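Shown next, in structure tokens, is the structure this report addresses.
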Amino acid sequence: MQGHTRTHRRAKTLLMGVPGEAMNHHQLEKDIEHLEHLLPRIAALDGALPLSYWRSRLASVTVAARVPSQVSRVKRLNDALLALEAREKDPAP
């Protein structure tokens, strides 16, 4: 579990950048693209990282998104993650 914590901390540091500073536009774009690439594949990863990890990543991007196109992309990501969370709570028989 320690490896997971270290990975989570490193990913959070990369995403958040320097504490107290806004995420720059290029980093934000990279993070949104990364989430767009991975969220559809999360179910296939069989819980490699918990959904709470992805929720935290998405929350960081949500706060930083300012441009309308970024906001709409983040909203779609949020909808996809909500669907995954709902499926985890109530798995199909």
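The values are calculated or read from the model by the stated rules, or taken from the named source; none is laboratory data. Since this is a predicted model, take the numbers as computed values, not measurements. Note: ideal-geometry Cβ built from the backbone for every residue, glycine included; neighbour counts use all protein chains shown.
In segment 16-37, how many residues are modelled with pLDDT under 90 and in a helix (DSSP H, G or I)?
2
Filter segment 47-80 down to residues that are among the β-branched types (V, I, T) and loosely packed, with under 14 Cβ neighbours inside 10 Å, then give me how many there are.
Qualifying residue count, segment 47-80: 3.
Restricting to segment 44-72, and then to whatever is within 12 Å of the chain's Cα centre (by Cα) and among the charged types (D, E, K, R), can you tell me which residue is farthest from E29 (Cα to Cα)?
Among those residues, the one meeting the criterion is R55.
Among the listed residues A83, A44, identify the single one that is at pLDDT below 90, exposed (fewer than 14 other Cβ atoms within 10 Å of the Cβ), among the aliphatic types (A, V, I, L, M) and assigned to a helix (DSSP H, G or I).
A44
Considering segment 47-80 alone, what residues qualify as being over 17 Å from M23 (Cβ atoms), of a type outside the set (G, A, S) and outside any helix (DSSP H, G or I)?
L49, P50
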